[in-house]
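Here the structure comes first, spelled out in structure tokens, and everything after it is commentary.
What follows draws every value from the coordinates through simple rules; no lab data is involved. All of these numbers come straight from a predicted model, not from anything done at the bench. Glycine gets a Cβ as well: all are built from the backbone with ideal geometry, and neighbour counts include every protein chain shown.
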Amino acid sequence: MTERGSQEPGPGSGAGGTEESGPSVRPQGPGPIGGDIAKILYGLGERFRIPALSARHDSTNVMGLFALVNGVISIAIMSAAAVVTGQALIFPSLGPTAFLLFYTPTVPAASPRNTICGHAIGAAAGYLALVVFGLTQAAPALATEVTWPRVGAAAMSLGLTSGLMVWLRVPHPPAGATTLIVSLGILTEPVELLVLMLAVFLLVVQGYVINHLAGIRYPLWAPSRPPS
């Protein structure tokens, strides 16, 4: 029988009467700046048992640091492979693809299917434009001057890439940069285009590994269909 005026400790109170904080809750929906970085950070904190990371998963400073480090690692891996192989495994449109894979990995545009098919369409459309306008052996536009055939090739490549990605339902915005890289003459040899696709594949593999370590449902190929 308890004395009058005394209080029994309520649920969640410790022996000293202080309230204990429960475990952090897995975030749902977009983070404070949109995207899935908060979810990725929470998942990595849980996976590798780093409570401080799980607790601060929605801190803008921590999310920015993650984006910085991950961007450095992504391109550093490609750069090292480029030095070892002597092949052009680095090109500008890899940057926006990397950001997409780690900022919004659950959107359809970031899926492996859209990423690989989008860049393949961009490379093929760019090369076709070079053939049509007789520019396969021409110097890059940035090294000389922009000519009317080059204008036609750039316009044709971007138009084809945009249309085909929509018709085939594989939109991937960075592919628009890939097709211009080809049609402007920066990468023109078929072997360079194969190396370009290898770089895209390696980046997708990295995205798959990081997102799955974080518990993100990143697809193996096609994006998951939303529930009806």
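Quick notes on this one:
- Rel. contact order, % - alpha carbon contacts under 8 angstrom, at least six apart, the chain: 24
- Of the DSSP H helices in the chain, those that are both long (alpha-carbon extent of 27 Å or more along the helix axis) and hydrophobic (Kyte-Doolittle mean at least 0.0) are 60-85, 112-132, 148-167, 190-213.
- A straight chain from THR147 to LEU168 at 0.36 nm per residue would run longer than the Cα-Cα distance by 4.4 nm.
- Candidates TYR127, PRO190, TRP167 compared by Cα position along the dipole of the chain: farthest toward the positive end lies TRP167, with charges placed on Cβ.
- In percent, rounded to a whole number, the relative contact order of segment 22-100 is 19, using alpha-carbon pairs under 8 Å and six or more apart.
- The chain, helix-only ellipticity at 222 nm - DSSP H runs n ≥ 4, -39,500 (n - 2.57), divided by all residues, nearest 500: -18500 deg cm²/dmol
- Highest-MSF residue in the chain out of THR115, THR161, THR60 [GNM, Cα springs under 10 Å]: THR60
- GNM result for the chain, Cα springs below 10 Å: residue of PRO112, PRO32, PRO173 fluctuating most strongly: PRO32
- log₁₀ of I(q)/I(0) at q = 0.17, 0.22, 0.23 Å⁻¹ - segment 76-133, Debye sum with one point per alpha carbon: -0.72, -0.97, -0.99
- Measuring max minus min along each principal axis, the C-alpha atoms of the chain give extents of 97, 44, 28 Å (largest first).
- Shape call, segment 90-213: gyration tensor on alpha carbons, a/c limit 1.5: prolate
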